[in-house]
Amino acid sequence: METHPTNRLAAATSPYLLQHAHNPVDWWPWCPEALALARHEQKPILLSIGYSACHWCHVMAHESFEDPGTAALMNELFVNIKVDREERPDLDRIYQTAHQLLARRPGGWPLTLFLMPDDHAPFFAGTYFPPAPRHGLPAFRDLLKGVHQAYREQPDAIRRQNAALREALVELEPQGDGRALLAAAPLQEAELQLAGSFDADHGGFGGAPKFPHPTNLALLLDRWQRSGGESLRHMLLFTLERMAQGGMNDQLGGGFCRYAVDAEWMIPHFEKMLYDNGALLALYADAWQAAGRRPLFAHVCRRTAEWVMGEMQAPTGGYFSSLDADSEGEEGRFYVWDRAAVRELLTADEYLVFAPRYGLDRPANFEGHWHLHTRADTAALQAVSGLDASGVRRLLASARNKLLAARAQRVRPGRDDKVLTAWNALMITGMARAGRLLGEPDWIDSAIRAVDFLRATHWRDGRLLATSRGGIAHLPAYLDDHACLLEALLELLQARWRTADLDWAVALADALLAHFEDPGPGGFFFTADDHEQLLHRPKPWADDATPAGNGVAALALQRLGHLLGETRYLDAAARTLQAAWPAVERMPYAHPTLLLALADYLEPPETLVIRADEPQLAQWRAAADRHWRLHRSCYAIPAAATDLPGLLAQRRANAGAVAYLCRGTACAAPILDLPELERQLATHP
């Protein structure tokens, strides 16, 4: 590859933008100077959005952005702006929606758009374009010339199209007027819709490619725990089992890849994202508890948590964003195996059980190589080897250690080492919940280190920042950052009480109400009221790869409102559900996080507050753990904690221990002895 002088991206904090710093393209980051240049020169903007772990982003960069001829054409005709979708989800959200409206099909990455220089409305949109015509796609250079010609020759048609686009962006987010009667019908309809798309053979929903959809699975868990429905239980547990056994789950090193390219969860798209693993870690921990402590689910939690702490947590505490799919220019190269190499690394006894376990006794499943996918259970391996279960497990563990050591010598996939607030919050929730439920204090310590890093680096003058790299934080935080971090702090408070975390949770909740809430119909905008003015200010309801910020905000504000007895938070959550109601009624299955909030609104969960000194605090907390319920939050607060806000100021332990058990806003009398606490926890529905 020819080396070029650095362009303006050399000063970026995003690893994705830095990957393009030596392109011959005269790239700008999204900034006022670039937008002003486009207006001054009346050049259209070529906006390219991607992220560092994106395979096809790398392909288009190598084919086009590193090519001097293509770059010269881009520089002549356009003002070229490169955006990391993970740092600027506001821009990505707007322009992905615009792409779908213009192209009449879903978008993706790399996202390629051409914007008007004055109002930044897109007049042409696509994704990947090759250097020569293929697969029905035009050559990128031909596209550049054609788009520029249309810009020069059809200005009136483009303006009419842009006006219609703006109207369509608004119409895509219907809002209620606060008069709808919130009811359970969408919850029931979502159950039917999920059952209708359930893959009875392999688990999950729909066919290939197959994504984990953790919020859909969380909704199944919620409905099963509330209703006891056997079909809900089966869909959830069968899917979790198949994902755990599949190749999407790194069978050696832990951690889930983003999705499987096949229906059987066998071959993944090999990139690993922090947000998937945070959500799945919390889900597997809940399912472990709800399903009678299945060893497989605990095993998944341990492998995932070990991977997070070993590969994805910085020494300063924050969690990194992702690992690439590629290494040495090939997708999956780091993860796949040659059968002969495995046989050489292992003893005969180890290979005897390892090969059938992970499919090495079958034909290659990935481009002439083997990607590990669980094929045989322990009982089958006992029959093959003549060993008991413990002997099989011992051989599998020693084989795994040898292969991990060999894999560690390979060139690792690239790691995006920026720290994103919302994605960190999802992992903090996962580590805190799994650590609490499985009794792993090291995982809770990991979550605390991440929270402390965010507070020290991403919290500045009472406002939250979205991203950092190397300790340098910038960009105003979004709805998802505030909502997910609020939820994470409430989860961490259940794992280990720190009053400073509660204080921060209150500050975040107040920031949501002050800067993001729509004062009219309710709900929360994706950007703050003092954010840069963009083409559109979305108010997203539906979940995508991550839970919708409005759904998380409604869930967390209800939980905080019940903990503190603060009606401002409860009312804001109710207004959000009212505003989202038309969208939820129309497509229930697309809004699982809002449905979880709706379920809590209709049937409020329990809140248990324990006040005591050690060792009683630990004893009473252990009793609460023995009587775990999904819909019960438990906060064990030292008696010495002072200056607590709201209702907690009245929850005091004057002598000995005391517990307060509430459902929604209705509270039982204080519980003053441990046997009575055990009795009430055992009998509450």
Fill in the blank from the handout: With all protein chains in place and a 1.4 Å probe, Arg537 shows an accessible area in Å² (nearest 10) of 80 Å²
Problem - Whole-number percent relative contact order across the chain, with pairs defined as alpha carbons under 8 Å at least 6 apart - result: 11 percent
Completion exercise
Rounded to the nearest whole number, the Stokes-Einstein translational diffusion coefficient of the chain at 25 °C and 0.890 mPa s (Kirkwood radius, C-alpha pairs) in µm²/s is 92 µm²/s
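Subtracting the Cα-Cα distance from 0.36 nm times the residue separation, let me have the gained length for Ala405 to Met587 in nm, one decimal. Before the final figure, lay out each step's value.
Details: separation 182, 0.36 × 182 = 65.52 nm, distance 4.77 nm.
Gain in length upon complete extension: 60.7 nm.
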Practice task
Take every DSSP beta bridge whose two residues both sit in the chain, then give the antiparallel share in percent to the nearest 5.
Solution key: 75 percent
Practice task
First measure r as the distance between the Cβ atoms of Arg134 and Arg105, then evaluate 1/(1 + (r/R0)^6) with R0 = 25 Å and state the FRET efficiency to the nearest 0.05.
Solution key: 0.90
Practice task
Would you mind calculating the gained length between Gln154 and Glu603 on full extension (0.36 nm times residue separation, minus the Cα-Cα distance), in nm to one decimal?
Solution key: 156.0 nm
Exercise for the section: Go through the chain and flag any cysteine with no other cysteine's C-beta closer than 4.7 Å, please. Expected result: Cys31, Cys257, Cys301, Cys484, Cys634
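What share of the DSSP beta bridges in the range 577-685 is antiparallel, in percent to the nearest 5? Don't skip to the answer; put the middle values down first.
Details: 9 of 16 bridges.
Beta bridges within the range 577-685, antiparallel portion: roughly 55 percent.
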Exercise for the section: For Ile472, put the label point 7 Å out on the Cα→Cβ axis and report which residues of the range 9-39 keep their amide N under 19 Å from it. Expected result: 9-23, 27-34
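Could you calculate the FRET efficiency of Glu344 with Met309 from 1/(1 + (r/R0)^6), where r is the beta carbon distance between them and R0 is 51 Å, rounded to 0.05? Let's see the in-between values first.
Numbers: r = 31 Å, r/R0 = 0.61.
So, using R0 = 51 Å, E works out to roughly 0.95.
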Problem - Full-stretch length increase - Ala655, Glu76 - with 0.36 nm per residue and alpha-carbon distance subtracted - result: 200.6 nm
Handout entry: Shape metrics for the range 472-550, restricted to C-alpha atoms - Rg then Dmax, Å
Key = 13.6, 43
Problem - In the range 1-74, the GluC sites (Glu not before Pro) that fall in loop regions by DSSP, at most 15 other Cβ within 10 Å - result: Glu2
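To the nearest 500 deg cm²/dmol, what mean residue ellipticity at 222 nm is calculated for the chain from DSSP H runs of n ≥ 4 alone, each contributing -39,500 (n - 2.57), summed and divided by the residues?
Working: 25 runs with 332 residues, N = 685.
Theoretical 222 nm ellipticity from helices: -15500 deg cm²/dmol.
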Handout entry: Separation in nanometres of the label points that stand 7 Å from Cα toward Cβ, at Leu630 and Asp530
Key = 4.1 nm
Problem - Accessible area expressed per residue, the chain, with surrounding protein chains retained (probe 1.4 Å, Å²) - result: 39 Å²
Exercise for the section: Please work out how many pairs of lysine residues in the chain are eight or more positions apart (or on different chains) and have Cα atoms closer than 25 angstrom. Expected result: 9
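The values are calculated or read from the model by the stated rules, or taken from the named source; none is laboratory data. Just so we're clear, the structure is a prediction, and the values are computed from it rather than from any experiment. Virtual Cβ from ideal backbone geometry, glycine too; neighbours counted across all protein chains shown. SASA here: full protein model, heavy atoms, side chains in, ligands and nucleic acids out. Shrake-Rupley method; radii C 1.70, N 1.55, O 1.52, S 1.80 Å.
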